[in-house]
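**Student:** One structure, pasted below without further comment.
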Amino acid sequence: MTGETTGLSAMETLLSTLDLEPIEVDIFRGRSPKVGWQRVFGGQVIGQALMAAQRTIEGERFVHSLHAYFMRPGDPTVPIIYQAERIRDGSSFNTRRVVAIQHGKAIFALSASFQVEEPGFEHQIAMPEVEMPEALLGEQQIKEQYLAHAPEAIRKYWQRERPIEIRPVSLTHYFSDRKLDPKQDVWVRATGPVPDDRLYQAAVLAYLSDMTLLDTSLYAHGTSIFDQSLQVASLDHSMWFHRPCKLDDWLLYTQDSPSASGARGLTRGSLFTRSGSLIASVAQEGLIRKKANE
């Protein structure tokens with residue numbers, strides 16, 4: 001489904017995509033919106049798999065971490081089957097494993113841990129000092145001022161309606177081949193209301209955590225994921241949920257890439273609320289490889 005064909009907004013379409021269809025005990029069917037992508041967006045599979053795991057948890061227990069591997073590209077033209085396994089139900093923690101299947105093969109696997117909320121020690125790193133989102137160019141301004149002369153891949157990326165709005169603190173990476181420090185700060189915001197439901201909030205946060213992350217590992221090399229000579233793909237994804245967040249305002253996604261080697265790039269990310277509360281941490285390794293000469 002798409003907002004264009006059903007009248008749904010991009011965020012409504014995302015929420016519908018995360019609302020998996022139960023087809024058996026601990027087995028769910030997920031569908032992909034028809035937005036013209038050749039493969040399923042990784043954040044969608046993370047969010048759907050997390051939703052499948054969450055729907056097997058009873059009581060007030062919420063995800064605190066997930067670890068996932070991408071094994072095959074997802075086919076957006078057919079449903080994805082999510083099989084959840086109840087690994088352990090303890091007095092404080094629950095563990096789940098979810099495998100995503102298409103065409104009879106596993107394309108993705110996720111392990112997630114859930115915990116009863118309890119008090120404990122509290123500390124966090126400080127949010128970096130950056131320009132607030134209101135001081136930055138919005139997506140419409142970026143389209144009007146920069147896209148006319150941008151490469152086709154970048155134009156398509158920015159012109160597509162998305163459930164998450166992105167406001168990079170710096171646009172240099174998108175329009176320059178300069179080698180930059182491998183770090184970036186990006187403000188992100190849901191483009192429509194997210195339900196006051198911890199399950200959906202966690203799934204949407206997991207969805208957006210896959211946005212812009214892999215690209216950071218290419219900053220030091222003067223290129224980007226839009227470079228048609230590169231083969232880029234997420235290999236794994238880990239996420240830790242520190243504090244709940246309603247997703248009703250901008251979040252700062254600050255990222256850095258400590259290493260690239262062996263055709264792989266590693267990127268770390270921290271998600272902060274506007275007021276500076278650290279709500280989640282992310283780490284991802286991705287394939288960043290020059291395509292063989294044809």
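The values are calculated or read from the model by the stated rules, or taken from the named source; none is laboratory data. Quick caveat: nothing in here was measured; it's all calculated off a predicted structure. Note that each Cβ is placed from the backbone with ideal geometry, even for glycine, and that neighbours are counted across all protein chains shown. Side chains included, ligands, DNA and RNA excluded: accessible areas come from the protein's heavy atoms. Shrake-Rupley method; radii C 1.70, N 1.55, O 1.52, S 1.80 Å.
**Student:** Rounded to the nearest 500 deg cm²/dmol, what is the calculated helix-only ellipticity per residue at 222 nm for the chain, with -39500 (n - 2.57) per DSSP H run of length n ≥ 4?
**Tutor:** Estimated from H runs of four or more residues: -5000 deg cm²/dmol.
**Student:** Could the peptides 59-65, 245-251, 88-94, 267-273 be put in order, highest first, of the mean number of other beta-carbon atoms found within 10 Å of their residues? Don't skip to the end; give the middle numbers.
**Tutor:** On the way: 59-65: 15.4, 245-251: 17.4, 88-94: 12.0, 267-273: 21.7.
Averaged packing, sorted descending, gives the order 267-273, 245-251, 59-65, 88-94.
**Student:** Can I ask one more? For the chain, with a Gaussian network of springs between Cα atoms less than 10 Å apart, report the residue from Asp185, Asp75, Asp177 with the top mean-square fluctuation.
**Tutor:** Judging by the Gaussian network model, the answer is Asp177.
**Student:** Also, I was wondering about something else. Would you work out the charge dipole size for the stretch 4-117 about its Cα centre, treating the Cβ of every Lys and Arg as +1 and the Cβ of every Asp and Glu as -1, and quote it to the nearest 20 debye?
**Tutor:** Details: 12 positive and 12 negative charges, 92 e Å.
It comes to approximately 440 debye.
**Student:** Summing +1 for each Lys or Arg and -1 for each Asp or Glu, what net charge is found among the other residues whose Cβ lies under 14 Å from the Cβ of Ser176? Display every interim value, and only then the final one.
**Tutor:** Details: positive: Arg178, Lys179; negative: Asp177, Asp181, Asp215, Asp227.
Taking every other residue near Ser176 into account, the sum is -2.
**Student:** Another question about this same structure. Per residue, how big is the convex hull of the chain when only Cα atoms are used? Give it in Å³.
**Tutor:** Details: hull volume 44.0 nm³, N = 294.
Looking at the chain, the number lands at 150 Å³ per residue.
**Student:** Would you tally the net charge around Val63, using a Cβ to Cβ cut-off of less than 10 Å, leaving Val63 out, and scoring K and R as +1, D and E as -1?
**Tutor:** Neighbourhood net charge equals +3.
**Student:** Keeping every protein chain present and rolling a 1.4 Å probe, give me the accessible area per residue for the stretch 7-116 in Å².
**Tutor:** Accessible area per residue: 47 Å².
**Student:** Next question, about the same structure. For the ranges 215-222, 26-33, what's the packing order if you count other beta-carbon atoms within 10 Å of each residue, average per peptide, and put the highest first?
**Tutor:** Numbers: 215-222: 21.2, 26-33: 19.4.
Sorting 215-222, 26-33 by mean packing, highest first, produces 215-222, 26-33.
**Student:** Okay, moving on. About the Cα centre, and with charges only on the beta carbon of Lys, Arg (+1) and Asp, Glu (-1), how big is the dipole of the chain? Nearest 20 debye, please.
**Tutor:** Dipole of the chain, to the nearest 20 debye: 900 debye.
**Student:** Roughly what % of Cα-Cα distances in the stretch 134-293 sit above 18 Å, to the whole percent?
**Tutor:** 60
**Student:** Name the helices (complete DSSP H segments) of the chain with a Cα length along the long axis of 20 Å or more and a Kyte-Doolittle mean of at least -1.0, or state none.
**Tutor:** Span-like helices in the chain: none at all.
**Student:** Return the single residue from Glu161, Glu131, Glu118 with maximal mean-square fluctuation; model: Gaussian network over the chain, springs between Cα atoms under 10 Å.
**Tutor:** Highest fluctuation among the options: Glu118.
**Student:** Using the Cα centre of the stretch 134-293 as the reference point, and only Cβ charges (+1 on K/R, -1 on D/E), how large is the resulting charge dipole? Debye, rounded to the nearest 20.
**Tutor:** 360
**Student:** Select from His173, Tyr200, Ile288 the residue farthest towards the positive end of the dipole of the stretch 134-293; place +1 on Cβ of Lys and Arg, -1 on Cβ of Asp and Glu, and compute about the Cα centre.
**Tutor:** Result: Ile288.
**Student:** Okay, next question. Can you tell me the relative contact order of the chain? Whole percent, Cα pairs under 8 Å, sequence separation 6 or more.
**Tutor:** Working: 620 pairs, mean separation 51.4, N = 294.
Once divided by the residue count of the chain, the mean separation gives 17 percent.
**Student:** Moving to a separate point now. Using a Gaussian network model of the chain whose springs link C-alpha atoms within less than 10 Å, name the residue from Val25, Val98, Val232 with the highest mean-square fluctuation.
**Tutor:** Comparing Val25, Val98, Val232 in the GNM, the peak value goes to Val25.
**Student:** Another one. Using 30 Å as the Cα-Cα cut-off, could you pick out the over-long pairs in Lys183/Lys291; Lys143/Lys179; Lys34/Lys291; Lys105/Lys143?
**Tutor:** Lys105/Lys143
**Student:** Related question: Cα-based Rg of the stretch 7-116 per 2.2 N^0.38 Å, rounded to two decimals?
**Tutor:** Details: Rg = 13.9 Å, N = 110, 2.2 N^0.38 = 13.1 Å.
The reported ratio for this selection is 1.06.
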